[in-house]
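Colleague: Take this structure, written in structure tokens, and hold onto it; I'll ask about it next.
Coordinate-derived values only; no laboratory data. Predicted model only: the values in this text are computed from it and were never measured. Note that each Cβ is placed from the backbone with ideal geometry, even for glycine, and that neighbours are counted across all protein chains shown.
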Amino acid sequence: MNIEKISESIKDSFKKNQQILSFEDYLKLIEKNPTTQLRGSAQYTADMMDASGKVNDAFKVFHEPIDGVTAKVVGQESVQKQIYNSLKSFAHMGLNNRLILLHGPNGSAKSTLVASLMQGLEKYSQTQTGALYTFSWVFPVDRVVRGSLGIRGDQDKKSSTLQTYAFLNEDEIACIIPSELKDHPILLMPVPERKSFFDTLDLPRDQKSDFKIPARFQDGGLSHRDQLIFQALLNNYHGDFAQVLRHIRVERFYLSRVYRSGLVTVEPQMHVDAQYQQLTMNKSLSQLPASLLGLNLFSISGDLAEANRGMIDYNDLLKRPLDSFKYLLTACENGKVNVGQSIIHLDSVFIGSSNELQLDGFKEYPDFSSFKGRIELIKVPYLLRLSQEREVYEPLLEDTAGEKAVTPHTAWAVAFWSVLTRLKKPHRERYPSELASLIDKLTPLDKLKLYDTGEVPEKVTNEERKLIRSHLQKFFEEYNAVPYYEGRTGASAREMKMILIDAAQNNDFKTLSPLAVAQELRKFVKRTSEYEFLRQDAVDGFHHYEGFIEIMLEEYASKVDREVRECLGLYDTKQWGEFIKKYISHLSALLKKEKMKNSITGGYDEPDQALLNEFEAIVGAPVDSSAKDSFRQNLITQIGAWALENPKEPIDYFKVFPELKQRLEKHFYESQKSLLQKMNTALKLFGTDRDEQNSEGSRLAQQTLENMQKTFGYSVDGAKEVIGFLMSRKY
């Protein structure tokens, strides 16, 4: 290891990052980058979110945590947008006048959202765009003051028109007093001169610009201690402001949760969040100039002081006694808090979290109306989309399984059941009259698929399908305005993670699989005394938690059925797509009374009536002549409607006719039952019966196991388990 190279690298980085500046240098930095150097904490946080980028509607700061430990936020795009909008609103007003309170059920990612914000701020403060500065008071030793120059620093600093102690070496400094609140250096400039300075800056001044210098920077002053030092020096130098600024060292600082620098999480507790105490008069402080030795200098410490210029998180805020956070009313209203003999001026983003029960109780307090105007309530429900919920569990599977293999679809199974528990029955009176009859028919499974992919139930007509899709947003918004919104109750991700752990430890299964999960869920739904949501009455299939296990297993059986058949070489969706396409082509020619071109002879033939009859027999088309004509015409109409809605896309027959695909699959499956049963019998004897090993069933079993491992990632044990489940369930 070359220490000299490391040292040079660190030194270069120090200079590049402008770690230390004189006050004059910092004014030049403001003149060069006013919109980045004169940001308040709200604008700074919003800019961090913008700088992180976006993935679809989600900010990357939530999607890609930076410390590799905290789980990423999945979904919650609406919550992210509301947080961002609140921050922009604060910035526009020039004051963080509200506490953002994330409320929702336990385990809905409230704390993870805040943790991601703090991680993002920490990383952003390490970039050049996100550079933050504060200042310290520097007092040199006597021999430096008596020197001809009075300063010492890099050669490029000697040409400065303002002499400064900012770059003194350690042995030339008698005492350093940092700004206890990490105050912005601009606050050192008196307000009238400060406003004049702002007028000279090249700021965006059109109405479209959302940049505004915070009120704290325009009219605010120094902390009590800094103001005492400032005034004492100004008196000592007979009003010479330039002489006072010689003592200022502008320093870059970084936000850090570990070191509680601008990022602080306050756990539920009873003591006040800031303390005021006399500054310890240690040896270095005894070296202060005579004009300062007579001052009663006090130090402010605690959560509020440490969080200034960044973010303070009140975790489970409403678990604290009400009196312990009444100061937040004043803090949010005007950015000030009384602490001892001093008033702290704050520039922090106030954010907190609460579960719904605590918030409901808080709303009953007489003082709630006072707090309501100072709290920005943002609802954080459980996820309602299966694909998003699955993302929560997938990263956990390998570690949870330990030495066991993980069977495909395990995360899906956990997510499937948990999302079903959160769904509420839609009420027909909240929808347009033409939708009312359809609303009554929607099952929990229908609603799950509708939310996740927009898939409409098979049982509806083409017109009804269009109607449902046109009102899809209505389904998402139905419960938004009511206290018991959708996603407030149901299984939390925390509980489902415990289910996964229990399933991994279940000795009845050789792998961590959906079947192991199902067995643990059957135990879990009996724990009604522990979980309130399990005590809800079932309504038309909704909240039927034990029934949801069977629904999950039925859907799981359909998934693995396709996989097993594909691995057997019996499942080929392309042939069904071609079959539908060929049928539609011949049907269209028949209805138009046209002939079909023969690709082999080049001639023109009549539409293939045998093909039409075979297809219609398989899919169960009506036999009656008039009903058959209606069936045929409806299919052609669906093709036309799809082509109009998707003019630039080739026709996807599976999307246009999902019900036809399923009927073809069902017919094909029925014709292959005997072969599957033969393969399953061989699989049970696999490796035990030598005569059986050379049979057709044995060869199929071997081929299927190999294909399931190669194509879908099954282990041998997992594949056997799945095939056994499939045969017992469907065959």
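Colleague: Taking amide H positions as placed in the peptide plane 1.01 Å from N, state which residues far from Ser261 in sequence (5 or more) or on other chains have amide H under 5 Å from it.
Modeller: Long-range HN contacts for Ser261: Ser256.
Colleague: Sort out for me the Cα centre separation of the stretch 626-640 from the stretch 117-146, rounded to whole Å.
Modeller: Taking the Cα centre of each part, the stretch 626-640 and the stretch 117-146 sit 74 Å apart.
Colleague: Just subtract the alpha-carbon distance of Ser369 and Ala405 from 0.36 nm times their residue separation and send over the number in nm, one decimal.
Modeller: My answer for the length gained is 7.5 nm.
Colleague: Which parts of the stretch 479-510 would a label at Ser78 reach, counting a residue when its backbone N lies under 19 Å from a point 7 Å out along Cα-to-Cβ?
Modeller: 479-493
Colleague: Can you tally the net charge around Thr711? Count Lys and Arg as +1, Asp and Glu as -1, for every other residue whose Cβ sits under 10 Å from the Cβ of Thr711.
Modeller: Within the 10 Å Cβ shell, the charges total -2.
Colleague: Let me ask something additional. By average Cβ neighbour count within 10 Å, what is the ranking of 463-476, 19-32 from highest down?
Modeller: Taking the mean over residues of other Cβ atoms within 10 Å, the ranking is 19-32, 463-476.
Colleague: Residue by residue, what Karplus-based ³J(HN,Hα) values in Hz, rounded to whole numbers, does the stretch 233-243 have, using 6.51, -1.76 and 1.60 with θ = phi - 60° and x for Gly and Pro?
Modeller: 5, 4, 5, 5, 9, 6, x, 7, 4, 4, 5
Colleague: For Ile176 and Gln19, FRET efficiency with R0 = 22 Å and r from the beta-carbon atoms, rounded to 0.05?
Modeller: Numbers: r = 15 Å, r/R0 = 0.66.
After rounding to 0.05, the efficiency reads 0.90.
Colleague: Expected output is a single nm value to one decimal: the length gained when fully extending between Ser324 and Glu594, i.e. 0.36 nm times separation in residues minus the C-alpha distance. What is it?
Modeller: On the way: separation 270, 0.36 × 270 = 97.20 nm, distance 8.38 nm.
That works out to 88.8 nm of additional length.
Colleague: So how much slack lies between Gln662 and Ile639, counting 0.36 nm per residue of separation and subtracting their Cα-Cα distance, in nm? Let's see the in-between values first.
Modeller: Working: separation 23, 0.36 × 23 = 8.28 nm, distance 1.77 nm.
Fully extending the segment from Gln662 to Ile639 adds 6.5 nm.
Colleague: So how do Lys123, Lys593, Lys581 line up by other beta-carbon neighbours within 10 Å, fewest first? Each step should come with its number before you reach the end.
Modeller: Numbers: Lys123 18, Lys593 8, Lys581 12.
Neighbour counts put them in this order, fewest first: Lys593, Lys581, Lys123.
Colleague: Mind sorting His543, His63 by how few other Cβ atoms lie within 10 Å of their own Cβ, fewest first?
Modeller: Details: His543 23, His63 19.
Going from least to most buried by this count: His63, His543.
Colleague: Label-point separation (nm) for Gln227 and Ser301, each offset 7 Å from Cα along Cα-to-Cβ?
Modeller: 2.4
Colleague: Would you list Trp576, Trp642, Trp417 from fewest to most Cβ contacts within 10 Å?
Modeller: Listing Trp576, Trp642, Trp417 from fewest to most nearby Cβ atoms yields Trp642, Trp576, Trp417.
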